[in-house]
Every structure is written in C-alpha cells, then in structure tokens.
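Taken together, the values in this text are just the output of simple stated rules run on the coordinates, not laboratory data. Model, not experiment: these values are computed from the prediction. When we count neighbours, we look across all protein chains shown, and the Cβ atoms used for this are built from the backbone with ideal geometry, even at glycine.
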Amino acid sequence: MRFHTRKWIKPEDLNANGTLFGGRLLDWIDEEAALYTIIQLENPKVVTKFISEIDFKASAKQGDIIEIGIEAIKFGKASLTLSCEVRNKMTRETIITISNIVMVNVGPDGKPLPHGKTQVEFVKDRLQ
Ligand SMILES: CC(C)(COP(=O)(O)OP(=O)(O)OC[C@H]1O[C@@H](n2cnc3c(N)ncnc32)[C@H](O)[C@@H]1OP(=O)(O)O)[C@@H](O)C(=O)NCCC(=O)NCCS
C-alpha cells in the first residue's frame, strides 16, 4: 500500500468529542480514491460505486498528522477496486481501514466505460 496524502488535523475537522470527525475523514478518503483512480485509468470521469465496511479503529486529535494509503486490489472491466488504510504518520497507529472501494470509469454519458487497464502503472514510466 502506498501512502501519498498527508493531512494535519485542524479545529474545523473535529467532532463534538474533540476528535477527528468521521465524515471529514471519509470525504478525504473518497477524494483520494478518486484521484488514485483518475491517475491509474487516465480518465477524469470516474465515480464512487461502492464502499464496504468501514472500521474506525482509533481516533485522531487536533494537531495529529495522518496519512492516507490506497492499494489497487482488482482491475475489472469498467471498475477498479481499491483498499484503504489511514494511519497516524508519527506513530503508525491505524485509524481506519476500508477493505473495498469500487470506483467506476464512466464515459461522457455517465455510463460505465471499459478502461482497458490490467495493472498498476506509474506516471514516470508513461513519460519515458
Ligand atoms: C457507477 C454507475 C455508472 C454504474 O452503473 P451500473 O449500471 O450499475 O453499471 P454495471 O452494473 O455495469 O457495473 C459497472 C461496474 O461496477 C461494478 N459494480 C456495480 N455494482 C457494484 C456493487 N454494488 N459492488 C461492487 N461493484 C459493483 C460491476 O461489477 C461492474 O464492474 P466491471 O465493469 O469491472 O465488471 C451507476 O451506478 C452510477 O452512476 N452510480 C452513481 C455514482 C455516483 O454518483 N457516485 C457518487 C459520486 S462520485
């Protein structure tokens, strides 16, 4: 799993208990999943289709630095299935895991469009 994005927990990210608000974290994860998919499938039109069980294992507090990890699990016809882990950057404590996030590549009509990809690619290799 690769951890790309880091976030700094700020006052506006907290819930009523003073810890990281789960909705904010899911917002960040959904954006990370979309960005990962857009880069992998080379298509800016992708949508989130399905998110499996979400396990909030630990909380984060104001001032913590967290990092969001995404891994490609399965390249389908129009879909790409990802898994996600968010952890504390400094302690490596796991904050949340999501085993399956299904993203779907869509065409201009918003309907599923085969992406033709079968494995993870790196932008640096495409540029050579
Ligand atoms: C995503 C969407 C275009 C898919 O349309 P659809 O008619 O259900 O498409 P299909 O049944 O052909 O499925 C497309 C792919 O998604 C997968 N899929 C569909 N439903 C799924 C589910 N419940 N769980 C996991 N995968 C699923 C299919 O297996 C298929 O994968 P493949 O092409 O790799 O074989 C449509 O459901 C949609 O527009 N949903 C709303 C998306 C959205 O607004 N998301 C939030 C904002 S980004």
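In this simple spin-label model, placing a label point 7 Å from the Cα along the Cα-to-Cβ direction at both I38 and K89 gives a separation of 2.2 nm. Taking the C-alpha atoms only, the angle from helix 22-41 to the longest principal axis of the chain is near 30 degrees. This model, with +1 at the C-beta of Lys and Arg and -1 at the C-beta of Asp and Glu, gives the chain a dipole about its Cα centre of some 220 debye. Partner aspartates and glutamates whose Cα lies under 20 Å from the Cα of K45, excluding those fewer than 8 positions away in the same chain, are identified as D27, D30, E31, E32, E71, D109, E121.
Measuring between alpha carbons in the structure, the pairs from K7/K89; K57/K89; K57/K77; K10/K49; K7/K57 lying more than 21 angstrom apart are K57/K77; K10/K49.
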